[in-house]
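Down below is the structure, laid out as structure tokens.
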Amino acid sequence: MLPSPSSPSPARWFRTLRRTKSTEQSSKLSLSVCTELLRKSREALASGRTLREEFRLSQLEALVRMLVENEDEFVDVLHKDLHKPRFETVLSELILVKNEALFAVNNLKKWMNPEYVARSLVTSLDECFVVSEPLGVVLIIGSWSSPVQLNLVPLVGAVAAGNCVILKPSEISSHTTELLQRLIPSYLDTECYHVISGGPSDLTDLLELKFDHIFYTGSRATGQQVMQAAARSLTPVTLVLGGKNPCYVDRECDVGIAAQRIAWARFHNAGQSDVAPDFVLCHTDVQARLILALRSCLLQFYGPEPRHSASFGRLVNAELFTHVRDLVLASGKVAVGGEMDEAEKYIAPTVLTDVLESDPAMQQEIRGPVLPIMTVYSADEAINYIRRKEKPLCLYVFSSDRKVISNMMTCTSSGSFCANDSVLQSMMVVLPFGGVGASGMGSYHGRCSFNTFSHRKSCVLRNTRVECVTYLRYPPYEDRSLSLMMWASSLSRRSQAWCQIL
Amino acid sequence: MSDYGAIVQKLRDSFGTRKTRPAEFRISQLNSIVTLLRENEGPIVEALERDLRKPKFETMISEISMAINEANYAINHLASWMKPEHVEKSLVMKFDECFIRKEPLGVVLIIGAWNYPVQLVLVPLIGAIAAGNCAVVKPSELSDSTSSLLTELLPKYLDQSCFSVVCGGAKETTELLEQRFDHIFYTGGVSVARSVMRAASCHLTPVTLELGGKSPALVEGSCDVTATARRLVWARFFNAGQSCVAPDYVLCSPETRRLLLPALRDCITQLYGTEPRESRDFGRIINQRHFERIRDLLSNSQGRVEIGGETEEGERYIAPTVLVDVSESDPVMQEEIFGPVLPILTVESLEEAINFINRREKPLALYLYTGDSKVVTKVMECTSSGGFCSNDGLVHMTVITLPFGGVGSSGVGRYHGRFSFDTFSHQRSCVLRGFGLEWANQLRYPPYSEQKLERLLQATQERKWSCTLL
């Protein structure tokens with residue numbers, strides 16, 4: 001006789017219900033859920049708790065604990081999403097965020113203090129300063145390529161600046177997003193900070209709501225969509241957008257070292273990086289040597305079969321695999337690598353040569369472990385090529401000739417610039433990181449993040465004692481008073497002091 | 001109809017020749033602006049008198065002098081602003097150069113407003129020039145005389161291959177906004193600002209929007225009533241109330257109101273005489289549409305005219321007016337007044353005043369009149385606004401070392417002084433390395449190992465209360 005099924009216990013029923021609810025929430029973003037979270041955040045903001053330094057410090061420290069205590073889980077989900085090696089996860093995801101959080105903790109008091117400004121003679125009796133205030137409830141939309149870093153580094157800035165946050169990691173790096181959704185409520189204040197997930201169509205709905213700042217990392221097309229939506233409510237935006245980052249390799253250059261540094265930057269995370277060099281403009285004199293050096297580098301990094309290397313990643317999904325594969329097949333010639341496996345979403349570290357400007361690999365952002373090399377005959381030709389295109393997020397040059405570096409730097413524009421290495425400028429907490437032109441607007445990292453998520457309010461505290469001077473400004477206006485005021489107000493070219501009597 | 005595409009292309013080509021980069025060029029253009037203002041003081045005063053019946057005194061201090069000061073300030077500081085900013089380096093980066101370069105954006109668009117037509121065009125232009133950009137300037141068509149004058153003068157004084165003036169109204173502005181710029185600087189109202197930002201989003205162009213709103217003035221019981229009244233009157237009725245940072249309405253207790261009203265009445269008389277219409281020191285409304293708008297606000301108000309209230313259509317004159325018994329739902333509380341009308345709303349406590357302010361959109365300015373520094377701190381910390389000023393009005397925007405801008409629906413971005421230069425610049429992070437020390441880099445290369453990771457972590461982790469090593 002079969003045992004009768006046990007009657008459903010209330011505890012079990014509740015557990016099932018909770019699991020179902022959280023699955024529902026993680027698989028579909030509903031507008032009503034977001035509206036509710038926004039309302040909750042605004043209430044939490046109104047309570048004033050995020051204004052306090054101790055609160056912000058406690059949240060930042062909790063974030064650090066979250067990363068430290070769950071390191072293995074993070075390594076695991078990033079491996080599931082991107083086949084990211086533990087080494088890369090720890091360094092470029094976890095430590096980076098930890099460093100930002102600790103930098104904020106170490107400097108928060110200073111950042112929160114009012115900044116007194118130089119005063120004129122007349123305002124010397126007043127207090128003139130700038131004080132930083134939170135903007136309110138901010139929306140952070142992170143990208144998938146470095147999902148921890150790209151979501152949590154802006155979060156650090158938003159928290160440090162005293163805002164409430166709605167964080168939307170990408171649905172593409174789904175395991176990491178799920179982990180963030182599970183962990184963040186356990187470490188951070190659940191009224192102030194919320195994690196949501198959803199697909200591209202959900203973004204349109206989300207952007208209907210009114211936030212006090214929107215921080216977006218991702219593609220240009222979506223960046224435009226975000227800004228257009230933000231225009232409705234005049235919401236300020238920070239957009240960090242991808243594109244093609246050029247890398248010029250000059251004939252005066254240590255080719256071996258250049259190859260190592262370029263290969264490291266291009267092929268880490270299987271090429272899925274906003275900041276890696278996207279293509280090389282190589283001086284014809286060193287091209288052959290560069291390719292040899294790259295080949296030898298790649299052998300050294302990943303062995304004869306990169307597919308078996310524990311140090312090499314995979315493409316995040318089938319769609320990206322197809323995109324990169326098609327670019328390779330339609331552009332130039334494979335000089336190194338070229339092997340692919342669709343089932344594994346594996347593309348070997350690949351170098352393309354004989355690439356033309358019109359090739360797909362030179363027209364579209366690659367986002368994979370493929371490095372096209374286009375020949376140029378001079379540094380000037382490289383500069384002209386770069387200037388014909390949209391301003392990139394990052395620009396790189398490898399040369400031992402200071403004049404070449406200086407020319408490249410002064411004759412072009414880009415979000416950031418690095419000579420004789422790459423990616424590093426985007427990892428330094430003391431340098432602002434962001435785009436310009438089509439690669440974005442606004443910047444973050446370190447104090448820049450704090451400023452991005454703050455309103456810097458100008459304050460003048462006067463008293464009534466200055467009436468002895470300000471009386472000049474009142475009607476009935478007299479030419480005599482005007483002359484006196486103009487004389488006192490005018491800034492002389494010789495003097496640095498400035499005096500405005502008002 | 002001029003071809004805006006051709007104008008922008010011409011400027012882009014000029015920008016491409018790098019002629020705006022050297023400091024000498026920028027300083028020469030800034031000098032030219034100073035010369036323009038000094039040599040044309042008379043025509044500028046006359047133009048503003050025709051547009052707004054602006055008294056010469058106001059034109060001199062709030063238009064000409066302000067712009068000259070900004071230009072001279074930029075000239076004096078340009079060298080230090082243009083210098084790359086070196087940053088604190090970690091131990092690992094010791095042999096590298098790490099700095100932030102200030103680069104011009106390219107071709108920028110400046111859309112001015114009509115209430116301070118010289119200042120609101122020239123001060124942003126000064127920032128754009130100082131930062132090394134080319135610019136298209138579009139003065140407001142409403143301040144017709146001044147805009148025509150600027151259209152005539154600017155090309156005479158500035159390099160015409162780098163700076164252009166475009167005239168026109170809504171239609172022309174819309175067409176202009178179809179062009180691609182590297183930054184758009186707009187001063188004006190919220191609804192046009194939305195169109196500007198929407199148009200900008202098509203090209204991913206960053207924007208600075210200097211908007212307005214209803215700037216509250218809290219008058220607290222411990223204030224010096226006479227001084228408060230004088231400063232309120234000055235700030236509210238300067239330029240006949242047409243200032244984006246003028247106090248738009250007053251919040252005070254019934255007792256304070258009782259003391260304030262006679263003081264306001266006295267001050268208005270002291271400043272503008274018993275018949276302000278005859279005072280040469282009081283301006284007029286810019287045009288018929290705005291005149292009718294403000295007059296309708298007055299007539300539809302459920303409040304009571306306590307002081308003033310007279311209007312004269314032919315002159316577009318509205319007397320300095322104080323309204324009382326105004327409630328939150330009154331029509332006069334639903335839009336920015338932008339005219340010489342000051343409603344007074346009563347509240348029972350400071351908390352009520354703060355809650356009232358926080359229920360509404362963040363204003364461009366917030367004013368507080370009080371003798372108690374604790375009240376100053378409380379209001380300043382419990383509210384948000386573009387700028388804050390206690391015991392005066394308007395002046396915070398004249399301190400050149402303070403950034404000026406809004407927050408929320410009062411605007412995006414900021415300018416004045418150094419902040420104008422920053423607004424029109426791109427701060428580009430640069431790291432210059434050599435080929436040495438490759439042995440140090442070996443740690444970061446594959447094949448990865450736990451050992452390498454450990455050693456790298458030791459070198460690069462930020463610790464609480466210690467220096468940065470990466």
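Does chain B come out rounded, prolate or oblate by the C-alpha gyration tensor, with a ≥ b ≥ c the root eigenvalues, rounded set by a/c under 1.5 and, if not, prolate when a/b is larger than b/c and oblate if not?
oblate
Residues of region B:185-226 with accessible area at least 20 Å² lower in the all-protein-chain context than alone (1.4 Å probe)?
Residues passing the criterion (a loss of at least 20 Å², heavy atoms only) are B:ARG194, B:MET197, B:ARG198, B:SER201, B:CYS202, B:LEU204, B:PRO206, B:ASP224.
Work out the charge dipole of chain B with +1 on the Cβ of Lys and Arg and -1 on the Cβ of Asp and Glu about the Cα centre, then indicate which of B:HIS183, B:THR151, B:SER90 is farthest towards its positive end.
Toward the positive end, the furthest listed residue is B:SER90.
What length, rounded to one decimal in nm, is gained on full extension from B:SER222 through to B:LYS94, with 0.36 nm per residue of separation minus their alpha-carbon distance?
Stretched fully, the B:SER222-B:LYS94 segment lengthens by 40.4 nm.
Restricting to DSSP H runs of at least four residues, report the calculated mean residue ellipticity at 222 nm for the protein assembly as shown, -39500 (n - 2.57) per run over all residues, nearest 500 deg cm²/dmol.
Calculated at 222 nm, the ellipticity per residue is -13000 deg cm²/dmol.
About the Cα centre of chain A, what is the dipole size in debye to 20, counting +1 per Lys and Arg Cβ and -1 per Asp and Glu Cβ, all else neutral?
With Lys and Arg at +1 and Asp and Glu at -1, about 1140 debye.
In nm, give the distance between the simple-model label positions of A:GLU69 and B:GLU39, each being 7 Å from the Cα along the Cα-to-Cβ direction.
7.2 nm
Treat every Asp and Glu Cβ in the protein assembly as shown as -1 and every Lys and Arg Cβ as +1, leave all other atoms uncharged, and give the resulting dipole magnitude about the Cα centre to the nearest 20 debye.
1240 debye
How about region B:1-54: which chymotrypsin sites (Phe, Trp or Tyr not before Pro) there are in a DSSP loop, with at most 16 other Cβ atoms within 10 Å of their Cβ?
none
Can you bin chain A into rounded, prolate or oblate? Criterion: square roots of the alpha carbon gyration tensor eigenvalues sorted a ≥ b ≥ c, rounded for a/c under 1.5, prolate for a/b above b/c, oblate for the rest.
Since a/c reaches 1.5 but b/c is at least a/b, the shape of chain A is classed as oblate.
Amide H of B:GLN302: which non-local residues (sequence gap of 5 or more, or other chain) have their own amide H closer than 5 Å, using H built in the peptide plane?
Long-range HN contacts for B:GLN302: B:VAL332.
Per residue, how much accessible area does chain B have with a 1.4 Å probe, in Å²?
For chain B, the per-residue accessible area is 35 Å².
Name the shape class, rounded, prolate or oblate, that the alpha-carbon gyration tensor gives for region A:31-111, where a ≥ b ≥ c are the square roots of its eigenvalues, rounded holds for a/c under 1.5, and otherwise prolate holds if a/b is larger than b/c and oblate otherwise.
Oblate shape, in that a/c is at least 1.5 and b/c is the bigger or equal ratio.
Under 12 Å Cα to Cα from B:LYS83, which aspartates and glutamates show up? Leave out anything in the same chain fewer than 8 places away.
B:GLU103
Which residue, B:ILE286, B:CYS167, B:LEU251, has the largest displacement toward the positive end of the dipole of region B:161-311 when charges sit on each Cβ (Lys, Arg +1; Asp, Glu -1)?
After comparing all options, I get B:LEU251.
Leaving ligands, DNA and RNA out of it, work out the accessible area of B:SER425 with a 1.4 Å probe and give it in Å² to the nearest 10.
10 Å²
Mind checking how much accessible area A and B bury in total, 1.4 Å probe, in Å² rounded to 100?
Rounded to the nearest hundred, the buried surface is 10000 Å².
Go through region A:212-222 residue by residue and turn each phi into a ³J(HN,Hα) via Karplus (6.51, -1.76, 1.60, θ = phi - 60°); whole Hz please, and just put x for glycine and proline.
9, 6, 10, 10, 10, 10, x, 8, 4, 4, 6
For the protein assembly as shown, give me the percentage of DSSP beta bridges that are antiparallel, rounded to the nearest 5 percent.
Just about 35 percent of them are antiparallel.
Please give the net charge around B:TYR157, taking every other residue with its beta carbon less than 13 angstrom from that of B:TYR157, where Lys and Arg add +1 and Asp and Glu add -1.
Net charge around B:TYR157: -1.
Can you list residues from other chains, or at least 5 along the same chain, whose modelled amide H is less than 5 Å from the amide H of B:VAL108?
B:CYS134, B:ALA135, B:VAL136, B:ASP182
I'd like the orientation of helix B:190-202 relative to chain B: the angle between its Cα long axis and the longest Cα principal axis, in ° from 0 to 90, rounded to 10.
20 degrees
Greater than 25 Å separation of Cα atoms is the criterion. Which listed pairs, A:LYS109/A:LYS168; B:LYS19/B:LYS156; A:LYS457/B:LYS56, meet it?
A:LYS109/A:LYS168; A:LYS457/B:LYS56
Would you be so kind as to identify which of A:GLN225, A:GLY162, A:TYR193 lies farthest towards the positive end of the dipole of region A:156-245, taking Lys and Arg as +1 and Asp and Glu as -1 on Cβ and the Cα centre as origin?
Of the candidates, A:GLN225 comes out farthest on the positive side.
Two decimals is fine: what's Rg over Rh for the protein assembly as shown, C-alpha atoms, Kirkwood radius as Rh?
Result: Rg/Rh = 1.00.
So who's got an amide H within less than 5 Å of the one on B:TYR369, skipping anything under 5 residues away but keeping other chains? H placed 1.01 Å off N, in plane.
It is B:LEU218, B:VAL219, B:GLU220, B:ASN391, by chain and number.
Residue-wise, which Karplus ³J(HN,Hα) couplings in Hz belong to region B:154-159, taking 6.51 cos²θ - 1.76 cosθ + 1.60, θ = phi - 60°, and x for glycine or proline?
4, x, 6, 9, 9, 5
Using θ = phi - 60° and the Karplus curve 6.51 cos²θ - 1.76 cosθ + 1.60, what whole-Hz ³J(HN,Hα) does each residue of region A:250-266 get, with Gly and Pro shown as x?
With the stated coefficients, region A:250-266 comes to 7, 6, 8, 6, 7, 5, x, 5, 4, 4, 4, 5, 5, 4, 4, 5, 6 Hz.
For chain A, what does the relative contact order come out to in percent, with C-alpha contacts under 8 Å and a separation of six or more?
Over chain A, the number comes to 17 percent.
Within straight cross-link reach of A:LYS389, meaning Cα distance under 12 Å, which aspartates and glutamates are found once same-chain residues fewer than 8 apart are removed?
Those aspartates and glutamates meeting the cut-off are A:GLU357.
With charges only on Cβ, +1 for K and R and -1 for D and E, what is the dipole size of region A:228-311 about its Cα centre, in debye, rounded to 20?
Roughly 220 debye for region A:228-311.
Return the aspartates and glutamates within reach of B:LYS102: Cα separation strictly under 18 angstrom, same-chain partners fewer than 8 residues apart disregarded; answer none if there are no such residues.
Counting by Cα, and skipping residues close in sequence, B:LYS102 has these aspartates and glutamates nearby: B:GLU24, B:GLU85, B:GLU88, B:ASP182, B:ASP422.
Could you compute the FRET efficiency for A:VAL33 and A:SER186, with r as their C-beta to C-beta distance and R0 at 30 Å, rounded to 0.05?
0.95
The values are calculated or read from the model by the stated rules, or taken from the named source; none is laboratory data. Model, not experiment: these values are computed from the prediction. All Cβ positions, even for glycine, are placed from backbone atoms using ideal geometry, and neighbour counts span all protein chains on display. When the accessible area is computed, the model is the full protein with side chains, heavy atoms only, and any ligands, DNA or RNA have been set aside. Shrake-Rupley method; radii C 1.70, N 1.55, O 1.52, S 1.80 Å.
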